[in-house]
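Undergrad: To start, I am sharing the structure in question, which I have written as structure tokens.
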Amino acid sequence: DPLGPTVCVGEILVEIVATTVGDGFLKAQPLVGPFASGAPAIFISQCGRLGGKAAMVGAVGDDDFGRVNTDRLKRDGVDVSTISIDPDYPTGSAFVRYRKDGSRDFVYNIATSAAARFGWSQAVGDLINRSGHLHVMGSALSVPSARAVIDKAVDIVKARGGTLSVDPNIRKELKLDEDTERRFSKLVAAADLLLPSGEELERAAGIEGEAEAIRRLFEMGVKEIVLKRGADGATYFGRQRDRIDAPAFVVQEVDPTGAGDCFGGAYLTCRRLGMSPQQALTYGSAAGARNVTVLGPMEGAGTRQELDAFIASTERRP
Ligand code: ATP
Ligand code: MG
């Protein structure tokens with residue numbers, strides 16, 4: 001990988017999960033955690049596990065929740081030297097409880113945690129100047145510190161011939177202020193790989209209809225699109241109007257959180273390792289499916305060996 005590691009910038013959190021299904025946190029109840037989490041951290045964990053060179057930019061507090069994350073990413077083979085340790089603020093956290101209908105209640109501490117308190121530094125600059133790929137979550141654009149790092153990093157990575165992947169990760173209804181919307185569009189247009197899920201495709205394109213959205217995104221400058229459809233699988237769209245549908249693997253879903261990030265981390269890493277879209281789709285689908293069979297947002301992220309075993313032993317939907 002002559003151009004250097006894949007870098008992900010964004011929030012690092014612990015997740016604490018209610019072990020019973022129901023409404024929210026108003027009553028004392030059994031919980032399990034802390035699990036290492038944060039969408040960007042899940043993505044980079046999967047990159048590292050698959051054997052891609054990977055590095056994370058973000059911050060944790062000087063506490064055990066932070067160490068859960070840095071220890072975990074280090075074990076996955078991720079360079080954690082650009083994760084800063086905030087002396088004053090605690091590691092970010094998310095408490096989550098699933099309702100009967102599959103929707104979720106959250107209690108977050110992100111904006112006022114270490115997760116949102118990092119910025120450009122000498123170490124971050126040195127990393128970006130030797131990196132070959134940047135992965136960005138659209139949701140990070142509403143965190144000012146992350147936004148400042150991303151803005152600078154996109155330009156540097158692109159200028160040195162590196163590539164950019166973007167997971168819009170933004171609800172369809174969400175209205176951004178004018179400035180953030182402009183930044184979001186610019187980011188999408190610069191994406192070599194766009195990884196939307198469901199309606200995020202139309203949200204990113206700013207137009208209704210799947211075919212129209214795909215056409216518009218290629219016009220904007222996007223190079224490659226992979227649409228994630230949960231248990232219905234995923235679809236690759238190429239600029240030559242080529243399309244590959246990848247069926248989902250049949251699994252027992254225990255915890256759906258993190259599927260999209262594991263899928264993306266695996267797909268991107270395989271592409272960077274020189275695999276075809278078809279092959280990368282197989283690993284991405286396996287990574288997403290395997291991850292939902294284990295409790296915890298990144299506990300099911302697989303190594304190359306684990307994913308090969310999963311692929312060989314798991315049926316795909318017809
Ligand atoms: P997230 O909840 O992490 O935001 P996402 O919405 O971005 O996820 P999904 O479409 O839910 O992404 O999942 C990504 C991929 O993982 C899917 O395209 C599919 O290949 C696989 N996957 C997800 N859920 C399942 C499932 N229940 N069974 C089989 N495969 C799944
Ligand atoms: Mg998603």
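Undergrad: My understanding is that a pair violates if its Cα-Cα distance is over 27 Å; which of Lys175/Lys228; Lys53/Lys158; Lys74/Lys223; Lys27/Lys228 do that in this structure?
TA: Lys74/Lys223; Lys27/Lys228
Undergrad: Any idea of Ser285's accessible area? Nearest 10 Å², probe 1.4 Å.
TA: 10
Undergrad: Turning to a different aspect of this structure: Could you point to the residue in Ala248, Ala301, Thr269 farthest towards the positive end of region 217-318's charge dipole, with +1 and -1 charges on the Cβ of Lys/Arg and Asp/Glu respectively?
TA: Positive-most Cα among the choices belongs to Thr269.
Undergrad: Now, a different point. Would you calculate a helix-derived [θ] at 222 nm for the chain, using -39,500 (n - 2.57) for each DSSP H run of n ≥ 4 and dividing by the full residue count, to the nearest 500?
TA: Theoretical 222 nm ellipticity from helices: -11000 deg cm²/dmol.
Undergrad: Under a 1.4 angstrom probe, counting protein chains only, how are Arg183, Arg171 ranked by accessible area, largest first?
TA: Largest accessible area first, the residues go Arg171, Arg183.
Undergrad: How about region 1-106: which trypsin sites (Lys or Arg not before Pro) there lie in a loop by DSSP and see at most 11 other Cβ atoms within 10 Å?
TA: The qualifying sites are Lys27, Lys100.
Undergrad: Ignoring ligands, DNA and RNA, how do Lys186, Lys175, Lys223 rank by accessible area with a 1.4 Å probe, largest first?
TA: Lys175, Lys186, Lys223
The values are calculated or read from the model by the stated rules, or taken from the named source; none is laboratory data. What you are looking at is a predicted structure, and each value in this text was computed from that prediction instead of being measured. Every residue, glycine among them, receives a Cβ derived from its backbone with ideal geometry; neighbour counts consider all protein chains shown. Quick note on the areas: whole protein, heavy atoms, side chains included, nothing else; ligands and nucleic acids left out. Shrake-Rupley method; radii C 1.70, N 1.55, O 1.52, S 1.80 Å.
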